[in-house]
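The values are calculated or read from the model by the stated rules, or taken from the named source; none is laboratory data. Since the model is a prediction, treat every value here as computed from it, not as a measurement. Because the Cβ atoms are built from the backbone with ideal geometry, glycine has one as well, and the counts that use them run over all protein chains shown. All accessible areas refer to the heavy atoms of the entire protein, side chains included, with ligands and DNA or RNA removed. Shrake-Rupley method; radii C 1.70, N 1.55, O 1.52, S 1.80 Å.
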Amino acid sequence: MAQDDLYRTVVLERARAPQHAGALPAATLNGQGSNPLCGDRVQLHAVLDGQGRIEAIRHETRGCAICAASADLMAGRVTGQDRAHVGRLHAELVEAVETGTAPAGLGELAAFAPLHQHRSRRRCALLPWSALIDMLNDDKDR
Amino acid sequence: MDQSVITPTDAAGSLRHVRADFPILSQKVHGKDLVFLDSAASAQKPRQVIDCMADTMRTQYANIHRGLYWMSERTTEAYEAVRDQVARFLGAAAREEIVFTRNSTEAINLVAHSYGGLLKPGQVVLVSEMEHHANLVPWQMLRDRGGIELRITPITDDGALDMEALEANLADGRVALVAITHMSNVLGTITDARAIIDMAHAAGAKVLLDGSQLAVHRRVNVQELGADFYVVTGHKLYGPTGIGVLWARRELLEAMPPFLGGGDMISTVSFERSTWANVPHKFEAGTPAIIETIGLGAALAYIESIGFDAIGAHEDALTAYALEALGNVNGLKVIGTAPQRGGVISFIMKDVHPHDIATLLDRNGIAVRAGHHCAEPLMRRLGVTATARASFGIYTTPEEIDFLAATLEQIRGFFV
């Protein structure tokens with residue numbers, strides 16, 4: 001077991017040394033998601049610009065490597081993007097974990113495609129995304 | 001080699017021959033040989049059980065008890081013969097003390113409903129901190145509808161039942177029922193049932209033992225134990241799902257009102273009122289799990305053909321072997337170190353989440369469980385959100401334990 005398709009370097013690295021973790025004192029949006037089955041919890045803090053794009057986002061994640069890496073890769077990927085773009089990325093990630101084939105353009109997020117063999121773990125990768133979408137929807141509804 | 005010298009490894013591998021009886025063990029998972037270490041959740045099935053159930057459906061099946069024709073009468077005989085078999089298996093005083101249920105959970109719910117219905121507000125049901133949700137939630141439901149008090153007896157830091165706390169909890173004489181596991185599905189702890197029962201009876205309380213785990217590994221004799229209620233489930237006993245057993249003292253069953261109403265559990269029925277069948281049929285409404293019950297009979301016969309002396313020796317040696325092998329894995333901590341324990345080992349690893357452990361083991365063909373193991377309050381007591389758990393069956397070998405330990409060491413290498 002020298003290498004593992006699912007636990008690739010990018011996943012292990014981001015879980016161990018996240019690039020977008022921590023608090024964001026200037027945050028105007030805060031959200032969270034949790035999975036009571038395994039105790040995973042993601043807290044999100046973000047600032048939007050005047051056009052509704054994510055100007056800055058940080059996460060505080062307690063959970064497994066899949067969840068922590070997903071949150072960190074997500075934060076990097078959605079910075080500068082609006083709600084519609086986040087929705088498209090989320091849909092592509094769902095397609096990847098359900099079919100095992102990542103749509104072109106998913107980039108590093110394609111690392112999670114092997115989750116199609118691990119039905120019970122898909123939610124770990126998707127939890128940060130559902131938390132983000134809930135947070136953005138709540139903001140829109142306000 | 002001197003045949004009189006039995007090393008732990010010899011004993012740990014002593015039931016290797018039974019593996020040929022379990023067709024599933026030759027399956028591949030993710031292209032790897034299946035190493036099945038989740039028998040505490042549900043055990044695999046020997047061909048003796050599989051064939052018996054298929055043969056029943058092929059050659060000797062009809063609804064039971066009321067059929068006046070040959071096929072129904074033969075099926076009834078086969079079904080009721082399992083009641084005799086279970087009575088012997090558990091050391092019951094009479095076949096009428098054996099009630100077939102869907103599983104242990106339903107058996108406990110039956111007691112909570114029917115025996116619980118006889119309790120008065122202010123009386124106490126006492127459970128332990130290490131119960132499976134199946135032996136906690138039914139009592140919470142009884143508390144909320146019946147005004148009884150639910151009292152929790154703590155465990156010690158090593159995962160044994162705190163017997164001093166149990167005695168203190170019994171002291172006010174209000175405890176009507178002590179409902180405690182006979183072997184923890186998380187910690188592997190085997191509780192001192194005799195001492196618990198003596199203590200409870202001295203305080204005027206009845207005792208229910210959840211034997212879901214223990215009955216797989218040790219001979220149970222409910223009369224020698226002096227228990228009042230005992231529950232087991234077929235699918236952990238190498239039998240099918242959908243069949244469990246409640247044993248209770250006959251006088252208790254006779255005093256208890258029925259659980260579910262319907263066919264088979266009645267004596268007479270009119271629009272004004274119905275009267276109940278004698279025990280145990282009073283508690284068996286509707287067409288039962290006929291095929292599964294007959295399959296349970298085949299499973300018990302299979303277990304008895306191996307014998308609990310051999311099963312116990314294998315498991316003790318394998319558990320000791322596994323505790324040592326896992327103890328040598330860097331960063332691994334076994335949760336639950338009570339002196340009396342069976343082949344269920346929970347563990348955590350520094351810097352690696354239990355779900356990542358389980359997925360990476362799975363990708364190497366090793367099936368373990370990870371999560372709260374239907375014991376959330378126990379997880380909080382232990383200060384963890386989840387653990388990984390390896391559990392053993394008669395077919396588990398020391399080589400599988402070696403592979404588990406080596407793979408865990410590799411997994412740890414990924415994360416540090």
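On average, how much accessible surface per residue is there in the protein assembly as shown, in Å², for a 1.4 Å probe, leaving out ligands, DNA and RNA?
Value for the protein assembly as shown: 41 Å² per residue.
Starting from the Cα of A:Leu37, move 7 Å in the Cα-to-Cβ direction to define the label point; list residues of the stretch A:122-139 whose amide nitrogen is under 18 Å from there.
Under cut-off, by backbone N: A:122-131.
Can you sort A:Arg41, B:Arg151 by solvent-accessible area, 1.4 Å probe, largest first?
A:Arg41, B:Arg151
So how many Å³ per residue does the convex hull of the Cα atoms of the stretch B:50-305 work out to?
Normalising the Cα hull of the stretch B:50-305 by residue number yields 121 Å³.
Summing -39500 (n - 2.57) over the DSSP H runs of n ≥ 4 in chain B and dividing by its residue number, what mean residue ellipticity at 222 nm do you reach, to the nearest 500 deg cm²/dmol?
Per the formula, -12000 deg cm²/dmol.
With label points built 7 Å along Cα→Cβ from the Cα atoms of B:Lys120 and A:Lys140, find their separation and express it in nm.
6.2 nm
Need one number: % antiparallel among DSSP beta bridges in the protein assembly as shown, to the nearest 5. Display every interim value, and only then the final one.
Numbers: 44 of 64 bridges.
Beta bridges within the protein assembly as shown, antiparallel portion: roughly 70 percent.
In Å and whole numbers, how far do the C-alpha atoms of the stretch B:191-294 stretch along each principal axis, longest first?
49, 36, 16 Å, listed from the longest principal axis down.
Stick to the Cα atoms of the protein assembly as shown, pair each with every other, and give me the Kirkwood hydrodynamic radius in Å at one decimal.
26.0 Å is the Kirkwood radius here.
Diagonalise the Cα gyration tensor of chain A and give the resulting equivalent ellipsoid semi-axes, square root of 5 times each eigenvalue, largest first, whole Å. Don't skip to the end; give the middle numbers.
On the way: eigenvalues 115, 52, 38 Å².
Value: 24, 16, 14 Å, ordered largest first.
Non-local amide H neighbours of B:Ser128 (under 5 Å, H modeled in plane, Pro and chain starts lacking H): which ones?
For B:Ser128, whose amide H was placed from the backbone, the distant partners under 5 Å are B:Thr153, B:Thr181.
How big is the dipole moment of the stretch B:143-270 about its Cα centre under a simple scheme where the beta carbon of each Lys and Arg is +1, that of each Asp and Glu is -1, and everything else is neutral? Debye, nearest 20, please.
In total the dipole reaches around 440 debye.
Can you give me the Kirkwood hydrodynamic radius for the stretch A:57-111, using every pair of distinct Cα atoms, in Å to one decimal? Intermediate values should be presented prior to the final figure.
On the way: mean 1/r = 0.0848 Å⁻¹.
Kirkwood hydrodynamic radius for the stretch A:57-111: 11.8 Å.
Tell me, which cysteines of the protein assembly as shown are without a disulfide-compatible partner by the Cβ under 4.7 Å rule?
Taking the Cβ cut-off of 4.7 Å, the unpaired cysteines of the protein assembly as shown are A:Cys38, A:Cys64, B:Cys52, B:Cys374.
Return the FRET efficiency for the residue pair B:Ile266, B:Arg47: r is the Cβ-Cβ distance, R0 is 35 Å, and the value is rounded to the nearest 0.05. The partial results should precede the final answer.
Numbers: r = 39 Å, r/R0 = 1.11.
The value I calculate is 0.35.
Might you work out the accessible area of B:Phe36 for me, using a 1.4 Å probe with all protein chains in place, and round it to the nearest 10 Å²?
30 Å²
Send over the per residue convex hull volume for the stretch B:218-272, Cα only, as a whole number of Å³.
Each residue corresponds to 113 Å³ of Cα convex hull volume.
Which part of the stretch B:318-346 falls in the paramagnetic zone of B:Asp157, meaning amide N under 13 Å from the point 7 Å along Cα-to-beta-carbon?
Residues B:336-337 fall inside that zone.
Quick check: with the 1.4 Å probe, what order do B:Arg341, B:Arg273 take by accessible area, largest first?
B:Arg273, B:Arg341
Assuming 0.36 nm per residue, please report the length gained on full extension of the stretch B:Ala165 to B:Gln27 beyond their Cα-Cα distance.
45.0 nm
What chymotrypsin sites (Phe, Trp or Tyr not before Pro) does the stretch B:38-79 have in DSSP loop regions with at most 12 other beta carbons within 10 Å? Display every interim value, and only then the final one.
Values: sites: B:Tyr61, B:Tyr69, B:Trp70, B:Tyr79; in loops: B:Tyr61, B:Tyr69.
Listed in order of number, the matching sites are B:Tyr69.
Counting other Cβ atoms within 10 Å of each Cβ, which trypsin sites (Lys or Arg not before Pro) in the stretch B:44-111 have at most 14 and sit in a DSSP loop? Don't skip to the answer; put the middle values down first.
On the way: sites: B:Arg47, B:Arg58, B:Arg66, B:Arg74, B:Arg83, B:Arg88, B:Arg95, B:Arg102; in loops: B:Arg66, B:Arg102.
Of the trypsin sites (Lys or Arg not before Pro), the ones in loops of the stretch B:44-111 whose Cβ has at most 14 other Cβ atoms within 10 Å are B:Arg66.
Compare B:His17, B:His30 by solvent-accessible area with a 1.4 Å probe and give them largest first, with all protein chains kept in place.
Descending order: B:His17, B:His30.
Taking all protein chains in place and a 1.4 Å probe, what share, in percent, of the accessible surface of the protein assembly as shown do carbon and sulfur account for?
Numbers: 11770 of 23150 Å².
For the protein assembly as shown, the apolar C and S fraction of the accessible surface comes to 51 percent.
Excluding ligands, DNA and RNA, what is the accessible area buried between chains B and A, summed over both sides, using a 1.4 Å probe, to the nearest 100 Å²?
Looking at B and A, the buried total is near 1700 Å².
Which FRET efficiency value, to the nearest 0.05, do you get for B:Met57 and B:Glu96 by plugging their Cβ-Cβ distance into 1/(1 + (r/R0)^6) with R0 = 35 Å?
Step by step, r from the Cβ atoms, then E = 0.80.
What list of ³J(HN,Hα) values in whole Hz, one per residue of the stretch A:124-139 in order, does the Karplus curve 6.51 cos²θ - 1.76 cosθ + 1.60 (θ = phi - 60°) give from phi, with Gly and Pro shown as x?
Result, rounded to whole Hz: 4, 6, 8, 4, x, 5, 5, 5, 5, 5, 4, 5, 5, 5, 4, 5.
With Kirkwood's inverse mean 1/r over C-alpha pairs for Rh, give me the Rg to Rh ratio of the stretch B:247-332, two decimals please.
Rg divided by Rh gives 1.29.
Rounded to the nearest 5, what is the percent of antiparallel bridges among the DSSP beta bridges in the stretch B:50-305?
45 percent
Counting only other chains, what is the mean number of Cβ atoms within 10 angstrom of the Cβ of each residue in peptide B:350-357?
The per-residue average across the peptide is 6.
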